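> Before I ask anything, here is the structure I am working with.
The values are calculated or read from the model by the stated rules, or taken from the named source; none is laboratory data. Remember, it's a predicted structure, so these values are computed and weren't measured experimentally. Cβ placement follows ideal geometry from the backbone for every residue including glycine, while neighbour counts extend to all protein chains displayed. In case anyone asks, the SASA skips ligands and DNA or RNA and just uses the protein heavy atoms, side chains included. Shrake-Rupley method; radii C 1.70, N 1.55, O 1.52, S 1.80 Å.
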Amino acid sequence: MIGNLPFVACMILIGLGLWTLLSRRNLIKLAIGITLIEKGVNLFLVTLGYVEQGVAPIYTYTQPGVTMVLPTPQALTLTSIVIGMATTALMLAFAVVIYRHRGTLDARKIRELKG
Amino acid sequence: MSLGTHLPILAIAVPLLGAFALPIFAKVHKRLRDMWAAAVGAFTCAMVIALAVQVLSTGVVVYTLGATSPAQTVAPGGFPIRITLTVDGMSAFMGLISALVGLASLIYAFQFLKEDQGKPLAMTLFFLLWAGMLGMEYTGDMFNFFVFLEITSIAACALIGYRTWESRPAEAAFKTMALYTVGGLLVLLAVAILYGQYGALNIAYLSSKIGGSQLDKIALGLLLGGLLMKAGAVPAHMWAPDAYGEAPAQAAMVLVANTQASLYGLWRVLFTLFGGVLAAPAVGWLVVSLGTLTLLVAVLMAVLQRDLGRLIAYGAVSQIGYMLLGVGLVALASRPDFGLVAMQGGIFHMMNDAATVGLLMLAAGVVRRAAGTKDLTALGGLGHDLKWTGGFFFLGALALAGIPPFNGFASKLLIYESSFRLSPLLTAVAVLGSILLLAVFARAFQGVFLGPKMREAEPAPVGMLVAMGILAAVILAMGLAPGFFVEHLVTPAARALWEGRDLYLAAVLGG
C-alpha cells in the first residue's frame with residue numbers, strides 16, 4: 001500500500017486541477033488548474049519509471065551492478081514539461097489580450113461568444 | 001538512398017522546416033517568402049500523394065527513426081524501442097484529406113491574409129498545424145501521437161487567437177486551448193498507464209500485449225474522452241463554434257481537418273490498439289449515442305444562429321456526429337455483417353466533410369471580406385457581385401445536406417443503410433438532421449446572396465476562387481463518381497481498420 005502512495009498523490013494533484021477548472025472563474029486560475037493537472041501527469045510518468053533503490057540512469061558515473069531507474073519516462077516527462085510550458089504561456093498570453101480588451105479576467109463577464 | 005524510402009518522415013519534416021524557415025525568408029523579402037511557402041506546400045502534397053500510392057500498391061509502409069535502416073523496426077530481442085512511423089491504408093487516406101485541405105487553405109491564404117495583419121505569422125502557424133496533423137496520422141507510437149496532438153493544439157489555438165487587435169478571437173482561443181490541453185493530458189495519462197503496464201509505447205507492440213485488464217479499460221476511457229474532446233463531439237463541442245467562427249476562414253477549414261485527425265486517432269485506438277480485446281458493445285453504444293446526440297444538438301443549434309461563421313461551424317460539428325455514428329456502428333458488435341458498409345460510410349464522410357465544410361468556410365471568408373460582417377441580419381444581395389462565391393456556397397450547402405448527386409449523399413446513404421439494419425430510429429434521426437441542415441443552409445444562402453443589392457461588394461480575387469474551385473471540383477468528382485472513390489480510396493482505408501490489424505502488427509513486429 002505504501003508503495004502506491006506516490007500514485008495516489010498524483011491522482012490527488014490531477015483531481016485538484018480538475019476541481020479548480022470546474023469551480024473557479026478567473027482565467028489565470030483556470031490556467032493554474034490546467035498546470036496542476038499537467039504536473040500530476042508528469043509526476044505520474046516519473047513515478048512509473050522509479051525502481052526501488054535505483055540511481056540516475058547515467059552510464060558513465062555508475063559502478064557496474066547498480067540498478068538504475070528507467071530512462072524513458074524521464075525523457076517523456078521532459079518532453080511533456082516543454083509542451084506544458086508552451087501551452088501555459090499561450091493561455092496566459094490570451095488572458096493578457098482578453099484583459100486588455102475587456103478590463104476583466106472573470107470568465108462570467110467575458111461572454112461575447114455564446115449559443 | 002532514394003527519396004521513396006523516406007517519404008513518411010519527409011512529409012512531416014518538410015512542413016515543419018517550412019514553418020520555422022518561413023519567418024526568416026519573410027524578413028528578406030515578401031516574394032521569397034511566398035515562393036518558399038508555395039514550394040513547401042507543393043512538395044508536401046506531392047510526398048503525401050506518392051506515399052498514398054505506395055501504401056495502396058504495396059501495403060503498410062513502416063519507417064523507423066534513428067535506425068541504421070528504416071526497415072529495422074525491432075531491436076535485437078524482439079522489442080521495438082525506436083519511434084516508428086506506420087502508414088497503412090487509413091493513415092494514407094487521412095494524409096490525403098490533410099493534403100487537400102492544406103493545399104486549398106494555402107492557395108486561399110495568399111490573397112486572403114493582409115500584409116499588415118500578421119500574414120507571415122499565420123502562414124508559419126499553418127505549416128506547423130499541417131505538420132502536426134500529418135504526424136498524428138502517420139505515427140506508430142503513442143507518445144509521439146501525443147506530441148503531435150499537442151503541436152496541433154498549440155498551432156491551432158495560436159491561429160484562432162493571433163488577431164490580438166480584436167477581443168473575440170482571444171476569448172475563443174482561450175476556451176479552445178483549455179479544452180484541447182485537458183484533452184491532451186487525458187491522452188498522456190492513458191499513454192502513461194499503458195506504458196506502466198507494458199513498458200512500451202509502440203502502437204503495434206502495445207496492441208499485441210493488451211489483455212483487457214481493469215487499467216486497460218481506464219486507459220481506453222481516458223483516450224476516448226481526450227480524443228472526443230478534441231474532435232468536438234457533444235458534450236465537449238462548445239469550443240468548436242467559437243473557434244470556427246472567430247478563426248480566419250483559411251485557418252477554420254484546417255481546424256476541421258484537425259478534428260478529423262483526432263477522430264482518426266480514435267479509430268486507431270478502437271480498432272488497432274484495442275482491436276484485439278474490444279468485444280464489449282458498451283463502447284460502440286457510447287460512440288453511436290454520442291454521434292447521434294452530436295448531430296442532433298449541432299443541427300438544432302445551427303437553426304438558432306445569426307452569424308454565418310457560427311452557423312457553418314455548427315454544420316461542421318453535426319458532420320462529426322455522422323462520422324461517429326458510421327464508425328461507431330462497427331464497434332457495436334463483433335463483426336456485424338453491415339459493419340464494413342458502415343465503416344465505409346463513416347470514413348468516406350470524413351473526406352466529404354473536409355471538402356464541403358472547407359468550401360463553405362472559404363465562401364464565408366469571402367463574404368466577410370466583401371461585406372465586413374458575418375451577421376446574417378445585416379447581409380443580403382451579395383450574389384450580384386459575388387456570383388462564383390454564391391455558386392460555390394450553394395454547392396457546398398447542397399453537398400453538406402446530402403442532396404444527390406453530391407458527395408454528401410453518397411456517404412450518408414452508406415450510413416443510413418447500415419444504421420437502418422441496427423435501428424430505424426437512428427436512421428430517422430440522421431435523415432432529420434440532414435433535412436434541418438438543408439433548411440438552415442437554404443435560409444443562409446437566401447439571406448446572404450439573394451435579394452436586392454444592398455452594397456457594393458468587392459469581388460473575390462482569383463487565388464481565392466481557385467482554392468474554392470479545387471474543393472468544388474473534388475465535391476463534384478466524388479458526387480458523380482462515388483464508386484471510383486469508394487473502391488480505390490475508401491475501401492482500402494476501411495479494410496485497414498476492419499481487418500488490417502494483423503497486417504499492421506506484422507508490418508511492425510515482423511512475421
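> Would you confirm whether or not segment A:73-91 contains a residue that is more than 9 Å from chain B (Cβ to nearest Cβ), open to solvent by 70 Å² or more (accessible area, probe 1.4 Å) and outside any helix (DSSP H, G or I)?
Within segment A:73-91, none of the residues are more than 9 Å from chain B (Cβ to nearest Cβ), open to solvent by 70 Å² or more (accessible area, probe 1.4 Å) and outside any helix (DSSP H, G or I).
> Follow-up. Can you tell me which residues in segment B:423-436 are without any contact (Cβ under 8 Å) to a residue 12 or more places away in the chain and crowded, with 18+ Cβ neighbours inside 10 Å?
B:THR427
> Here's another thing I want to ask about it. May I ask you to list the residues in segment B:437-463 that are open to solvent by less than 50 Å² (accessible area, probe 1.4 Å), in contact (Cβ under 8 Å) with a residue 60 or more places away in the chain and within 21 Å of B:LEU311 (Cα to Cα)? Quick ask: steps written out before the conclusion?
The initial filter retains those residues of segment B:437-463 that are open to solvent by less than 50 Å² (accessible area, probe 1.4 Å), namely B:437, B:440-441, B:444-445, B:447-449, B:451, B:457, B:460-461, B:463.
Applying the additional criterion that residues be in contact (Cβ under 8 Å) with a residue 60 or more places away in the chain yields B:437, B:440-441, B:444, B:447-449, B:451, B:457, B:460-461, B:463.
B:LEU437, B:VAL440, B:PHE441, B:ALA444, B:GLY447, B:VAL448, B:PHE449, B:GLY451, listed by residue number.
> Taking segment A:40-69 only, how many residues are open to solvent by less than 70 Å² (accessible area, probe 1.4 Å) and within 11 Å of chain B (Cβ to nearest Cβ)?
9
> I'd like the full set of residues that are open to solvent by less than 10 Å² (accessible area, probe 1.4 Å) and in contact with a Lys or Arg (Cβ under 9 Å, 6 or more places away or on another chain), limited to segment B:225-245.
B:TRP239, B:PRO241, B:ASP242, B:ALA243, B:GLY245
> While we're here: Given the structure, is B:MET351 within 14 Å of chain A (Cβ to nearest Cβ), at pLDDT 90 or above, open to solvent by 10 Å² or more (accessible area, probe 1.4 Å) and closer than 24 Å to B:GLY396 by Cα? Show your work before the answer.
Details: within 14 Å of chain A (Cβ to nearest Cβ): no; at pLDDT 90 or above: yes; open to solvent by 10 Å² or more (accessible area, probe 1.4 Å): yes; closer than 24 Å to B:GLY396 by Cα: yes.
In short, no.
> Tell me, which helices (runs of 4 or more DSSP H) lie completely within segment B:135-216 with 3 or more residues that are at the interface with chain A (Cβ under 10 Å from one of its Cβ atoms) and over 26 Å from B:PHE93 (Cβ atoms)? Quick ask: steps written out before the conclusion?
Working: elements: B:142-161, B:168-198, B:203-209.
Answer list for segment B:135-216: B:142-161, B:168-198.
> Report yes if B:VAL283 is part of a helix (DSSP H, G or I), open to solvent by 10 Å² or more (accessible area, probe 1.4 Å) and farther than 26 Å from B:ASP242 by Cβ, otherwise no. Step through it out loud before you land on a result.
On the way: part of a helix (DSSP H, G or I): yes; open to solvent by 10 Å² or more (accessible area, probe 1.4 Å): yes; farther than 26 Å from B:ASP242 by Cβ: yes.
The answer is yes for B:VAL283.
> While we're looking at this one, here's another question. Can you find a residue that is open to solvent by less than 30 Å² (accessible area, probe 1.4 Å), more than 20 Å from B:MET253 (Cα to Cα) and out of contact with any helix residue (DSSP H, G or I) (no Cβ under 7 Å at 6 or more places or on another chain) anywhere in segment B:411-422?
No, there is no match, as no residue in segment B:411-422 is open to solvent by less than 30 Å² (accessible area, probe 1.4 Å), more than 20 Å from B:MET253 (Cα to Cα) and out of contact with any helix residue (DSSP H, G or I) (no Cβ under 7 Å at 6 or more places or on another chain).
> I would also like to ask the following. Testing B:VAL53 on (1) in a helix (DSSP H, G or I); (2) touching a residue at least 24 places away in the same chain (Cβ under 8 Å), one condition comes back false. Which one is that?
For B:VAL53, the failing item is (2).
> Further, regarding this structure: Need pairs with beta-carbon distance below 9 Å; first residue within 11 Å of chain B (Cβ to nearest Cβ) and within segment A:6-20, second open to solvent by 70 Å² or more (accessible area, probe 1.4 Å) and not hydrophobic (A, V, I, L, M, F, W, C); sequence gap 6+ or separate chains.
Hits for this filter: A:CYS10/A:LYS39; A:ILE14/A:LYS39; A:GLY17/A:LYS39.
> Just to be sure before I move on: is B:GLY321 modelled with pLDDT under 90, under 15 Å from B:SER434 (Cα atoms) and part of a helix (DSSP H, G or I) in the structure I sent? Explain how you work it out, then say what you get.
Numbers: modelled with pLDDT under 90: no; under 15 Å from B:SER434 (Cα atoms): yes; part of a helix (DSSP H, G or I): yes.
No, not satisfied.
Yes/no matrix, rows are residues, columns are (1) modelled with pLDDT under 90; (2) small (Gly, Ala, Ser):
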{"position": "B:VAL330", "(1), (2)": "yes, no"}
{"position": "B:SER334", "(1), (2)": "yes, yes"}
{"position": "B:ASP337", "(1), (2)": "yes, no"}
{"position": "B:GLY345", "(1), (2)": "no, yes"}
{"position": "B:MET361", "(1), (2)": "no, no"}
{"position": "B:LEU376", "(1), (2)": "yes, no"}
{"position": "B:GLY380", "(1), (2)": "yes, yes"}
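> Moving on. With B:LEU22, B:LEU51, B:LEU85 as the choices, which residue is of a type outside the set (Val, Ile, Thr), buried (at least 17 other Cβ atoms within 10 Å of the Cβ) and closer than 24 Å to A:LEU70 by Cα? Break it down into steps so the answer makes sense when it comes.
Details: B:LEU22 fails: closer than 24 Å to A:LEU70 by Cα; B:LEU51 fails: closer than 24 Å to A:LEU70 by Cα.
The unique qualifying residue is B:LEU85.
> Take segment B:270-280 and flag every residue that is open to solvent by 10 Å² or more (accessible area, probe 1.4 Å) and within 27 Å of B:LEU129 (Cβ to Cβ). Outline the logic, then answer.
Restricting attention to segment B:270-280, the residues satisfying the condition of being open to solvent by 10 Å² or more (accessible area, probe 1.4 Å) are B:271, B:275-280.
Correct list: B:PHE271 only.
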